[in-house]
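Accompanying notes for the structure given below.
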Amino acid sequence: MRREGGHGSIGRRPPGYLAALDRLNPLLVGILHTPLLHWLASPGLMTITLRGHRTGRRVRFPVGYHDQGDAVLVLVANARNRQWWRNFREPWAATLHLRGRSREVIGRLLEPGSEEYRERVGRSFRRAGFMPRIFEIDFDRERGLTTEQMRALGDYAAVVRFQDSSAG
């Protein structure tokens with residue numbers, strides 16, 4: 001049974017589907033970068049290409065996204081076992097390949113507990129009703145995220161906001 005606040009223990013095992021999805025990454029990247037096929041996955045997936053902050057190595061991988069008009073948001077489940085989002089602790093350049101087009105962006109990790117975090121994650125949860133279940137949050141669309149839910153999300157997830165490089 002899910003708690004109102006979110007996840008049981010912080011050290012819980014990652015969902016089994018994450019490992020399966022990781023194995024599909026090369027196929028998904030290929031589909032998303034093929035002009036005649038990208039529409040199959042583009043409504044919910046995009047690719048991020050970046051140079052690692054520490055390693056300098058170029059990496060490209062698919063992620064789920066939420067287009068919020070002024071920004072593209074990526075909610076990273078099981079963040080403790082993922083590395084890529086750590087590049088965005090400070091503003092960092094990346095390329096998003098979204099709906100068949102590439103755009104240069106700056107990504108920034110949102111601070112758990114901040115008002116922007118509450119507002120943007122709440123907006124994503126309202127728009128995509130399945131998302132709170134992925135993060136094991138009993139989300140009330142009217143009330144929004146509670147302080148305890150934000151704490152639980154901060155323990156399990158990372159949230160990266162991407163905006164066009166030209167945005168001031």
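The values are calculated or read from the model by the stated rules, or taken from the named source; none is laboratory data. Only a predicted model underlies this, so the values are computations on that prediction, with no experimental measurement involved. Virtual Cβ from ideal backbone geometry, glycine too; neighbours counted across all protein chains shown.
Of all residues in the range 78-94 being in contact (Cβ under 8 Å) with a residue 60 or more places away in the chain and part of a loop (DSSP other than H, G, I, E, B), which is farthest from Gln163 (Cα to Cα)?
Ranking the candidates gives Asn78 first.
Since Arg126 meets every condition but one in (1) part of a helix (DSSP H, G or I); (2) buried (at least 16 other Cβ atoms within 10 Å of the Cβ); (3) within 16 Å of the chain's Cα centre (by Cα); (4) not acidic (Asp, Glu), which condition does it not meet?
(2)
Out of the residues in the range 28-52 that are loosely packed, with under 13 Cβ neighbours inside 10 Å and either under 19 Å from the mean Cα position of the chain (by Cα) or modelled with pLDDT under 90 (or both), state the one that is farthest from Gly107 (Cα to Cα).
Looking at residues that are loosely packed, with under 13 Cβ neighbours inside 10 Å and either under 19 Å from the mean Cα position of the chain (by Cα) or modelled with pLDDT under 90 (or both), I get Leu40.
Filter the range 24-50 down to the residues that are assigned to a strand (DSSP E or B) and in contact (Cβ under 8 Å) with a residue 40 or more places away in the chain and list them by number.
Met46, Thr47, Ile48, Thr49, Leu50, listed by residue number.
Assess whether Glu111 counts as being among the charged types (D, E, K, R), closer than 12 Å to Leu73 by Cα and without any contact (Cβ under 8 Å) to a residue 40 or more places away in the chain.
Against the criterion (among the charged types (D, E, K, R), closer than 12 Å to Leu73 by Cα and without any contact (Cβ under 8 Å) to a residue 40 or more places away in the chain), Glu111 does not qualify.
For the list (1) over 21 Å from Asn81 (Cβ atoms); (2) loosely packed, with under 14 Cβ neighbours inside 10 Å, I need the number of the one condition that Arg133 fails.
Among (1) over 21 Å from Asn81 (Cβ atoms); (2) loosely packed, with under 14 Cβ neighbours inside 10 Å, the lone unmet condition for Arg133 is (1).
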